[in-house]
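No lab work stands behind these numbers, since they all come straight from the coordinates. Quick caveat: nothing in here was measured; it's all calculated off a predicted structure. Neighbour counts run over all protein chains shown; Cβ positions are idealised from the backbone, glycine included.
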Amino acid sequence: MNSQPVSQLFGARADAYANFRPHYPPSLFNWLADQCPRRQRALDIACGNGQASYPLLEHFEQVLACDSSLQQLQAGQNQPGLQQFVAEATKQPLPSRSLDLIVVAQALHWFATPAFFAEVRRLLQPGGVFCAWCYSLMRIDSPIDALIDHFYWQTLDGYWPTGRTSVDAGYRDIENPFCPLAPPASSITAHWSLEQLLGYLRTWSAVQRYEQQNGHDPLQQLEPELRQVWGDAKQPRFIQWPLHFLAGTPN
């Protein structure tokens, strides 16, 4: 398989990520803020275009947001109170015990190593909170779900970067090194047209790797089948992605 770094794949389609990735529920950020004794500084690691960074601004005085891809950061928007910078997850240019909250949205599986968790422990103040979450396959209805499941598990088999299996496992395969917290069950929801769904599918890293290695878009075969079962392509459908968490406070 192609060894191109994941950050390069994501950076190559940063605008698509900004346009087509679903948004997290406000209730999640309300819960995170409620867990923090102080709400001065939060850090969003592997922030991408800022889908978790911007909601945190409603709860914290300052939000720091880092990503290894400059293109992803450039696809975001400047907001008062938000400071963005390029950094690797395990090497943060920040003082020890300087953060009240650290979040990782849809990215922990790329760097869930002892070195990363040691860095989290270094950065958090006493009582600080760590929370990572992920989502995998969306659910729409049985006929559409069957097509997307086949595309995910069969067509794209072998094209997902190492670490994606943790998403499929809902992060249950990653040992939580902290005193665990249990966020309330929640999901991402959206009402999307077929074009929005196709735009989202094209942000998948495995779709990009498949296209690079085979010279054609793997969605070319899936799209006609989706159009047939979708019906009116402009008619929005309700889509749901269950969220899975790994959260806790340092001992």
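Side notes on the structure shown:
- Scoring 99-111, 116-128, 56-68, 141-153 by mean Cβ neighbours within 10 Å over their residues and listing the highest first yields 99-111, 56-68, 116-128, 141-153.
- Distances between placed amide hydrogens fall under 5 Å for Arg237 paired with Trp192, Ser193, all partners being 5 or more residues away or on another chain.
- Under the Karplus curve 6.51 cos²θ - 1.76 cosθ + 1.60, θ = phi - 60°, whole-Hz ³J(HN,Hα) for segment 47-58, x wherever Gly or Pro sits: 6, x, 8, x, 5, 9, 5, 5, x, 5, 4, 6
- For segment 213-218, 3J(HN,Hα) computed residue by residue from phi via the Karplus equation (6.51, -1.76, 1.60; θ = phi - 60°) reads 8, 10, x, 8, 6, x Hz, glycine and proline entered as x.
- Antiparallel bridge percentage (DSSP; both residues within segment 6-249; nearest 5): 45 percent
- Per-residue [θ]222 nm for the chain (sum of -39500 (n - 2.57) over DSSP H runs n ≥ 4, rounded to 500): -9000 deg cm²/dmol
- Label-reachable residues, segment 121-136, where backbone N falls under 18 Å from a point 7 Å from Ser96's Cα toward its Cβ: 121-129
- Working note: Karplus 6.51/-1.76/1.60 with θ = phi - 60° gives segment 127-143 the couplings x, x, 10, 10, 8, 10, 9, 8, 9, 10, 6, 6, 10, 10, 8, 4, x Hz, where Gly and Pro are set to x.
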